[in-house]
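The values are calculated or read from the model by the stated rules, or taken from the named source; none is laboratory data. Computed from a prediction, not measured in an experiment: that's the story for all the values here. In this analysis, Cβ positions are derived from the backbone assuming ideal geometry, glycine residues included, and neighbour counts consider all displayed protein chains.
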């Protein structure tokens with residue numbers, strides 16, 4: 001049991017590393033418009049990759065989906081469709097304020113809501129037990145660290161330290177800070193819906209295991225529904241922008257093969273992080289969604305900030321901003337340690 005928990009925690013951390021780095025290729029996709037990049041990424045991550053994975057891991061997955069519990073299927077589809085709009089907002093926020101700051105705000109909000117609500121719905125009695133106390137303490141510490149990182153980011157923005165050099169060839173255009181804050185808030189709330197819907201869709205994975213699937217393959221039944229539904233809202237918005245901006249010709253411009261490859265790498269990192277997270281949750285016990293979610297997101301936030309530093313997103317930031325950022329990252333590491341003790 002102890003080894004199972006360790007493997008689950010390591011998988012959640014690996015999921016966070018992949019999630020924290022998946023936007024990195026966006027810095028090299030500036031020859032495409034945002035809708036070109038996001039459309040290719042979503043098609044690969046939410047349609048192609050899930051279909052391949054469930055077809056390889058369990059050939060009868062498609063038949064089981066047709067007979068899975070209807071209520072849980074509807075929750076998966078509705079939650080995935082709602083998350084899709086959060087993904088759109090996140091993609092826009094990365095272009096608006098960079099990898100580090102957008103991840104900081106979005107993962108903060110998503111972590112808090114996405115951890116507490118599944119525990120309230122699925123295991124409310126845990127709130128008054130030691131494991132629940134660890135989860136609550138870990139989330140509180142995590143929010144404190146995120147607040148420090150967020151303060152650092154705001155100081156950076158107010159000093160107007162971002163420049164074209166810092167953005168690199170980042171796809172999309174910068175936006176005013178107040179618009180970016182609206183985007184990350186909406187994205188964080190809708191991203192929390194992703195984990196909530198996943199937790200409430202557990203009857204689907206139970207149905208899969210009752211019919212001979214392993215824990216990983218049965219969890220994938222939920223992902224293929226949620227990601228497919230999320231692809232609908234994302235691709236519809238991308239199509240609207242393609243028509244509005246007349247950017248369809250960019251899909252076939254000279255040198256596009258490299259851009260398609262970068263989009264596929266984004267999809268492999270993010271889509272892979274979802275399936276790795278799905279493999280982590282069953283190993284983390286009854287509080288799997290409440291422990292694995294913040295553990296994965298806090299790791300992703302740390303990695304995204306490290307990537308942001310390396311890429312120069314904080315170059316020229318006032319010293320006061322860096323003073324906030326250092327303790328913020330230290331507090332987030334502490335939050336990861338506390339959350340890992342919840343079991």
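Some points to look at:
- Residues satisfying the stated conditions in segment 50-66, i.e. touching a residue at least 40 places away in the same chain (Cβ under 8 Å) and in a helix (DSSP H, G or I): 50, 51, 53, 54, 57, 61, 64, 65
- Failed condition for residue 204, given (1) more than 21 Å from the chain's Cα centre (by Cα); (2) at pLDDT below 95; (3) surrounded by 13 or more Cβ atoms within 10 Å (Cβ to Cβ): (2)
- The residue list 266, 226, 239 contains one member that is at pLDDT 90 or above, more than 21 Å from residue 105 (Cβ to Cβ) and buried (at least 19 other Cβ atoms within 10 Å of the Cβ), which is 226.
- Meets criteria (in a helix (DSSP H, G or I) and under 23 Å from residue 244 (Cβ atoms)) for residue 78: no
- Total residues in segment 306-329 satisfying the condition of being in a helix (DSSP H, G or I) and surrounded by 14 or more Cβ atoms within 10 Å (Cβ to Cβ): the figure is 12.
Conditions (1) surrounded by fewer than 19 Cβ atoms within 10 Å (Cβ to Cβ); (2) in contact (Cβ under 8 Å) with a residue 12 or more places away in the chain; (3) more than 17 Å from residue 258 (Cβ to Cβ), marked per residue:
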{"site": "18", "(1), (2), (3)": "no, yes, yes"}
{"site": "27", "(1), (2), (3)": "no, yes, no"}
{"site": "33", "(1), (2), (3)": "no, yes, no"}
{"site": "37", "(1), (2), (3)": "no, yes, no"}
{"site": "42", "(1), (2), (3)": "no, yes, yes"}
{"site": "48", "(1), (2), (3)": "yes, yes, yes"}
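- Residue within segment 72-82 that is within 13 Å of the chain's Cα centre (by Cα), in contact (Cβ under 8 Å) with a residue 12 or more places away in the chain and surrounded by 24 or more Cβ atoms within 10 Å (Cβ to Cβ) present: yes
- Residue in segment 268-287 that is outside any helix (DSSP H, G or I), farther than 27 Å from residue 227 by Cα, over 15 Å from the mean Cα position of the chain (by Cα) and touching a residue at least 12 places away in the same chain (Cβ under 8 Å) present: no
- Test: residue in segment 114-121 that is crowded, with 18+ Cβ neighbours inside 10 Å, modelled with pLDDT under 90 and either under 30 Å from residue 258 (Cβ atoms) or within 14 Å of the chain's Cα centre (by Cα) (or both): yes
- Of the numbered criteria (1) over 21 Å from residue 179 (Cα atoms); (2) buried (at least 20 other Cβ atoms within 10 Å of the Cβ), the one residue 62 fails is (2).
- On inspection, residue 22 passes the criterion of being within 15 Å of the chain's Cα centre (by Cα) and over 19 Å from residue 205 (Cα atoms).
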